Amino acid sequence: MSIDRSKIRWNGWGWSAHEDRLAGQEEVWSWLASELGMPALLATPARPLESIVLAPSRLTVEDRARFVQILGAERVRDDQYERAFHARGRSYHDLLHLRAGDLSTAPDAVLFPRSTDDVVATLAAAIEGRIAVVPYGGGTSVVGGVTGHRGTFKTVVSMDLSGMDRVIELDAQSMTATVEAGITGPGLEKALAANGFTLGHHPQSFEFSTLGGWIAHRGAGQGSNRYGRADDWLVGAKLATPRGVLRTGGFPASSSGPRLNDLVLGSEGIFGIITEATVRLHPLPAASDYRGYLFRDFADGIATLHDAAHSEIAVTMLRLSDPVETKFYRAFGALGKKRGVADRVAQFYLDTRGYDDKACALIAGFEGDSAAVAAARVQFDALAKKHGALALGEGQGRRWKEGRFHGPYLRDPMLDRGVGVDTLETATSWSRLETLYVAVRETLEGAIRENAPRAGARGVVTCHVSHSYRDGASLYFTYIFPRALDGEIEQWRTIKKAASDAIVANGGTISHHHGIGEDHLPWMAAEKGSLGIDVLRAVKMALDPNGILNPGKLIPD
Ligand SMILES: Cc1cc2nc3c(=O)[nH]c(=O)nc-3n(C[C@H](O)[C@H](O)[C@H](O)COP(=O)(O)OP(=O)(O)OC[C@H]3O[C@@H](n4cnc5c(N)ncnc54)[C@H](O)[C@@H]3O)c2cc1C
């Protein structure tokens with residue numbers, strides 16, 4: 001297997017051995033308390049697994065024996081660690097439950113198939129035993145996509161694909177690879193790099209998420225401008241359903257009716273289990289150039305992204321922070337460092353040239369062959385400067401790239417100190433982007449204030465635009481707030497609902513790349529329409545008539 005679950009935190013983010021760099025840095029915590037309008041931050045440690053009593057597994061002896069016969073005893077696990085690990089995904093909401101010791105959604109067992117045949121046989125056994133099956137890739141869902149709901153079934157098992165992580169075929173001439181769906185980001189990229197290729201799909205959850213998960217929730221990596229979203233790079237998939245194996249796509253292009261690939265992309269494990277996928281590759285880039293820019297305000301930055309999306313400039317990534325995000329991370333990064341004369345001169349220079357409180361940072365990335373990268377950089381530089389940007393050089397870009405997967409590791413130390421941190425994201429057309437941005441920001445700020453644990457407490461709401469298209473762009477909000485410790489799930493739900501209502505009311509999609517899971521279900525009908533939901537239900541009926549796959553996700557009741 002490409003990943004050893006026992007080395008990963010069951011109730012937080014990342015490797016258990018990862019050191020909490022922030023612990024003990026009192027300066028950080030007192031600064032954060034004052035940003036949040038709190039006199040101090042409280043210690044709120046998570047409950048250790050040993051102190052939690054897990055309900056006994058409901059898997060019957062007969063059902064267990066059936067699974068063992070198919071998979072072997074070591075691939076049917078019902079020990080406390082595996083069940084707890086697979087109880088939920090890794091959203092803020094999930095972590096609130098896990099850290100409080102609420103393991104009511106722990107599956108009764110975790111199954112580790114090794115092949116498509118294993119999956120098909122296991123699904124048949126699950127139907128026979130009336131057992132719900134939750135497909136599980138890396139479990140990094142942030143929308144409640146892998147919560148172990150049993151629905152109307154007496155038992156629920158998690159089907160963990162991490163044992164299916166082989167590269168089956170690499171077609172160098174066509175630049176495609178056929179790969180098992182449980183491979184993680186690092187496992188896949190290592191295998192491809194050995195042959196001179198890359199898929200280039202790097203979500204922030206890259207270390208732990210899997211190819212199957214990327215496709216099942218229709219995700220986007222950080223370099224989506226160059227490498228595309230899952231929609232763009234998926235050639236075809238093998239979907240093991242309770243009705244048999246469905247093969248989709250497989251051609252560079254085709255006009256043979258609607259694309260069945262679109263039933264796999266975004267299917268979130270409710271139609272079948274993706275066991276293999278063929279994906280489009282790129283040559284490993286010979287050159288990579290990431291650098292920073294500063295704009296006087298958000299509007300100038302957005303105008304640059306807009307013009308870049310309508311130009312021929314070959315960018316890999318453009319990530320524009322709003323003024324709050326720019327200021328917050330600058331202040332955070334400066335904590336503990338002495339401000340010297342050079343820093344003060346630099347600040348004076350920026351202020352006098354109009355890069356003040358409203359300034360916005362942008363990271364631009366270019367990858368490809370050396371000549372193309374050099375040309376794109378020069379073209380983008382000219383475009384950014386046309387909109388008043390100050391070029392900050394490669395240092396900013398290098399630091400961003402080095403730390404591109406580290407952000408999530410900051411969440412657990414915050415949760416240990418009574419601080420909540422959640423994210424949500426959306427996308428809309430260029431013409432609606434600013435209205436949507438203002439509406440969601442104001443709604444979040446208001447909802448956090450109204451649901452704060454004490455008068456005067458507030459949140460920090462940051463936003464960046466990180467995926468842009470010819471017709472529009474995404475908005476990604478991170479909000480940090482003091483938790484109402486006597487009702488933190490309700491606080492989360494109220495803030496989430498207010499923001500999601502604002503997204504829908506202002507022309508945004510309920511999710512640009514996190515998916516639906518159970519958390520976004522209430523807004524699904526508004527986006528798809530009742531006929532659209534009926535179509536999805538009909539597909540579900542055709543592929544999973546007994547409804548065993550991932551109950552309670554994607555399609556509203
Ligand atoms: C810190 C953090 C950062 C993130 N950053 C990004 C980002 O930059 N871009 C992005 O797109 N997403 C991001 N996400 C969201 C999440 O990581 C992605 O949704 C990820 O692609 C999920 O992959 P996974 O393998 O972990 O899937 P899981 O979480 O295991 O599953 C996700 C959904 O897909 C289903 N599923 C999983 N595998 C299969 C399969 N083989 N067949 C059928 N169904 C399956 C599950 O049942 C579930 O509904 C982030 C999440 C976190 C926690």
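Derived scalar couplings between HN and Hα for the range 324-333 equal 5, 5, 4, 5, 4, 6, 5, 5, 4, x Hz in order, rounded to whole Hz, by the Karplus curve 6.51 cos²θ - 1.76 cosθ + 1.60 (θ = phi - 60°), x for Gly and Pro. Dipole check for the chain: with +1 at the C-beta of Lys and Arg, -1 at the C-beta of Asp and Glu, and the Cα centre as origin, the magnitude is about 340 Debye. For the range 394-430, trypsin sites (Lys or Arg not before Pro) meeting the loop criterion (DSSP other than H, G, I, E, B) and having at most 12 other Cβ atoms within 10 Å: none.
When a 1.4 Å probe is rolled over the protein heavy atoms, the share of accessible surface on the chain that falls to carbon and sulfur comes to 54 percent.
Would you please classify the overall shape of the range 282-379 from the alpha carbon gyration tensor, given that a ≥ b ≥ c denote the square roots of the eigenvalues, rounded means a/c under 1.5, and beyond that prolate means a/b larger than b/c while oblate covers the rest? Taking the square roots of the gyration eigenvalues as a ≥ b ≥ c, the range 282-379 is prolate.
Would you work out if the range 171-288 is rounded, prolate or oblate? Take a ≥ b ≥ c from the square roots of the eigenvalues of the alpha-carbon gyration tensor; rounded if a/c is under 1.5, else prolate when a/b is larger than b/c, oblate otherwise. Here the range 171-288 falls in the prolate category. Net charge dipole, the range 462-557: roughly 180 debye, given to the nearest 20, about the Cα centre with Cβ charges of +1 for Lys and Arg and -1 for Asp and Glu. Which listed residue (Gly388, Val373, Ala359) has the Cα farthest towards the positive end of the charge dipole for the range 355-394, taking +1 on Lys and Arg C-beta and -1 on Asp and Glu C-beta about the Cα centre? The Cα lying farthest towards the positive end belongs to Gly388. A Stokes-Einstein calculation at 37 °C with viscosity 0.692 mPa s, built on the Kirkwood radius of the range 436-507 over Cα pairs, returns a diffusion coefficient of 255 µm²/s. Ordering 18-29, 341-352 by mean Cβ neighbour count within 10 Å, with the highest value first, yields 18-29, 341-352. Backbone phi angles across the range 361-373, fed through the Karplus curve with coefficients 6.51, -1.76 and 1.60 (θ = phi - 60°), yield HN-Hα couplings of 8, 10, 10, 10, x, 9, 9, x, 6, 4, 5, 5, 5 Hz in residue order; Gly and Pro are listed as x.
Amide hydrogen proximity for Val146: with H placed 1.01 Å from N in the peptide plane, the residues at 5 or more positions away or on another chain lying under 5 Å are Gly89. Comparing the range 342-420 with the 2.2 N^0.38 Å rule of thumb, its C-alpha radius of gyration ratio is 1.46 (two decimals).
Overall shape: oblate for the range 416-557, with the ratio a/c of the largest to smallest alpha carbon gyration tensor axis at 1.5 or above and b/c at least equal to a/b. Quick check: the distance between the Cα centres of the range 331-377 and the range 38-105, to the nearest angstrom? Value for the Cα centre distance between the two parts: 44 Å. Taking amide hydrogens as placed 1.01 Å from N in the peptide plane, the amide H of Leu392 sits under 5 Å from those of Gly292, Tyr293, Leu294, each at least 5 positions away in sequence or on another chain. Rg and Dmax of the chain, based on Cα coordinates, read 23.6, 76 Å. In the chain, taking the dipole from charged Cβ atoms about the Cα centre, the farthest positive-side position among Leu415, Val504, Gly236 is held by Leu415. Measuring between alpha carbons in the structure, the pairs from Lys497/Lys528; Lys7/Lys553; Lys154/Lys528; Lys7/Lys154 lying more than 21 angstrom apart are Lys7/Lys553; Lys154/Lys528; Lys7/Lys154. In the range 418-473, how does Rg compare with the Kirkwood Rh, expressed as the Rg/Rh ratio over alpha carbon atoms? Taking Rh as the inverse mean 1/r over Cα pairs, Rg/Rh reads 1.07. Here the Karplus relation 6.51 cos²θ - 1.76 cosθ + 1.60, evaluated at θ = phi - 60°, turns the backbone of the range 492-502 into coupling constants of 4, 5, 5, 5, 4, 5, 4, 5, 5, 4, 5 Hz, with x for every Gly and Pro.
Largest accessible area first, the residues Arg150, Arg458, Arg88 order themselves as Arg458, Arg150, Arg88 under a 1.4 Å probe with ligands, DNA and RNA left out. A simple charge model with +1 on the Cβ of Lys and Arg, -1 on the Cβ of Asp and Glu and nothing else charged puts the dipole of the range 268-400 at about 700 debye relative to its Cα centre.
Computed over protein heavy atoms with a 1.4 Å probe, the accessible surface of the chain works out to 41 Å² per residue.
With the simple model of a label 7 Å out from the Cα in the direction of the Cβ, Ala55 to Arg353 spans 6.2 nm. Ordering Glu490, Glu450 by accessible surface, largest first, gives Glu450, Glu490; the 1.4 Å probe counts only protein heavy atoms, with every chain in place. Amide H to amide H under 5 Å from Leu284: which residues, 5+ apart in sequence or cross-chain, H placed 1.01 Å off N in plane? Sorted by chain and number, the residues that satisfy this are Phe197, Thr198.
The values are calculated or read from the model by the stated rules, or taken from the named source; none is laboratory data. Remember, it's a predicted structure, so these values are computed and weren't measured experimentally. Please note: Cβ atoms are built from the backbone with ideal geometry, for glycine as well, and neighbour counts cover all protein chains shown. The area values use the complete protein model at the heavy-atom level, side chains included, leaving out ligands, DNA and RNA. Shrake-Rupley method; radii C 1.70, N 1.55, O 1.52, S 1.80 Å.
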